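Everything on this sheet refers to the single structure shown next.
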Amino acid sequence: MWHWEIILLLLFVGSASGFIAGLFGVGGGALIVPVVLWVLGYQGLAQHPYAQHLAVGTSFAVMVFTSFSSMLGQHKKQAVDWKTVFMMMPGMIFGVFLGSLSAKYIPTFWLQIFFILFFTAVAFRTLHTGHQTASHPLPKLPGLTAVSTLFGTMSSWVGIGGGSLSVPFLIRCGFPTHKAIGTSSGLSWPIALAGAVSYLLNGLKVGGLPEGSLGFLYLPAIGVLSVATITFAPLGVKAAHKLSSAKLKKSFGIMLLLIAGKMLYNLF
């Protein structure tokens, strides 16, 4: 049975991740994955062989609700380039399925190591792009599909909606910051849906999962987190269209560094 402290923490994190999802066009998994791992650890499951897989799958399931709410808000602001979304979507979804299939055979420790290195690299990349001018046009369909597949695969491994990759990429391709964030929110929803389905199916035949699990989805955490993220995602969208994009990108990069540092501390 969960204590009230766990529920309050999940509500707080869900609210923060929902706000961040709307603010940056991401799925919010950067916050959700570490917290689900903490909840599993609180229940004595930190060393479970599929702890990271449960955290990632749960993150995707929560993002199905979060990213949809964020996408609607960005669409109302006319900030989603739907042509780019539909061009990148097939590769993203294919990459998610590839990543989820391979993740089943990667030990939790190495997934966590990848998570830390991935977010550290993306953080520095995000901070650096704030001082760059776009100089590369959007690739043609074959190149865009290859990039999208890579983004989907990496997103699947760490349980994010892909915004931390697609936003800097779109900005580098000449998209205005708010348009890049809005378009990324449109890409996050199909990634989240494909990721949730993949982790559900790949975990159905795995034995010894915690009570309340459905495949690699941890249903109690999904229920609490989803309520909070849906509520706060529209507020993040509104804030994104009022605040300086330079400050938002800098804050996002710093947040990713802090999360990677905390996970590294917990791991060792």
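The values are calculated or read from the model by the stated rules, or taken from the named source; none is laboratory data. Please read all numbers here as calculations on a predicted model, not as lab measurements. FYI the Cβ positions are ideal-geometry reconstructions off the backbone, even for glycines, and counts take in every protein chain you see. Please note that ligands, DNA and RNA were not included when accessible areas were found on the heavy atoms of the full protein model with its side chains. Shrake-Rupley method; radii C 1.70, N 1.55, O 1.52, S 1.80 Å.
Identify all residues within segment 135-154 that are out of contact with any Phe, Trp or Tyr (no Cβ under 9 Å at 6 or more places or on another chain), open to solvent by less than 50 Å² (accessible area, probe 1.4 Å) and assigned to a helix (DSSP H, G or I); write none if there are none.
143, 144
Please go through segment 94-112 and give me each residue that is open to solvent by less than 50 Å² (accessible area, probe 1.4 Å), modelled with pLDDT of 85 or more and hydrophobic (A, V, I, L, M, F, W, C), ordered by number.
Listed by number, the list holds a single entry, 96.
Quick test of your reading of the structure: residue 258 fulfils all but one of (1) touching an Asp or Glu at 6+ places or on another chain (Cβ under 7 Å); (2) loosely packed, with under 15 Cβ neighbours inside 10 Å. Name the failing condition by number.
(1)
For every residue, the table says whether it meets (1) hydrophobic (A, V, I, L, M, F, W, C); (2) in contact (Cβ under 8 Å) with a residue 12 or more places away in the chain.
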site	(1), (2)
217	yes, yes
231	no, yes
236	no, yes
240	yes, yes
244	no, no
249	no, yes
254	yes, yes
261	no, no
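Within segment 242-268, count every residue that is among the basic types (Lys, Arg), in a helix (DSSP H, G or I) and within 18 Å of residue 18 (Cα to Cα).
Within segment 242-268, residues that are among the basic types (Lys, Arg), in a helix (DSSP H, G or I) and within 18 Å of residue 18 (Cα to Cα) number 1.
From the list 233, 228, 239, which residue is open to solvent by less than 10 Å² (accessible area, probe 1.4 Å) and either at pLDDT below 90 or not in a helix (DSSP H, G or I) (or both)?
Of the residues listed, the single one that is open to solvent by less than 10 Å² (accessible area, probe 1.4 Å) and either at pLDDT below 90 or not in a helix (DSSP H, G or I) (or both) is 233.
Among the candidates 201, 267, 165, single out the residue that is among the hydrophobic types (A, V, I, L, M, F, W, C), open to solvent by 40 Å² or more (accessible area, probe 1.4 Å) and at pLDDT below 90. Spell out the reasoning first.
On the way: 201 fails: at pLDDT below 90; 165 fails: open to solvent by 40 Å² or more (accessible area, probe 1.4 Å).
Within the list 201, 267, 165, the selection yields 267.
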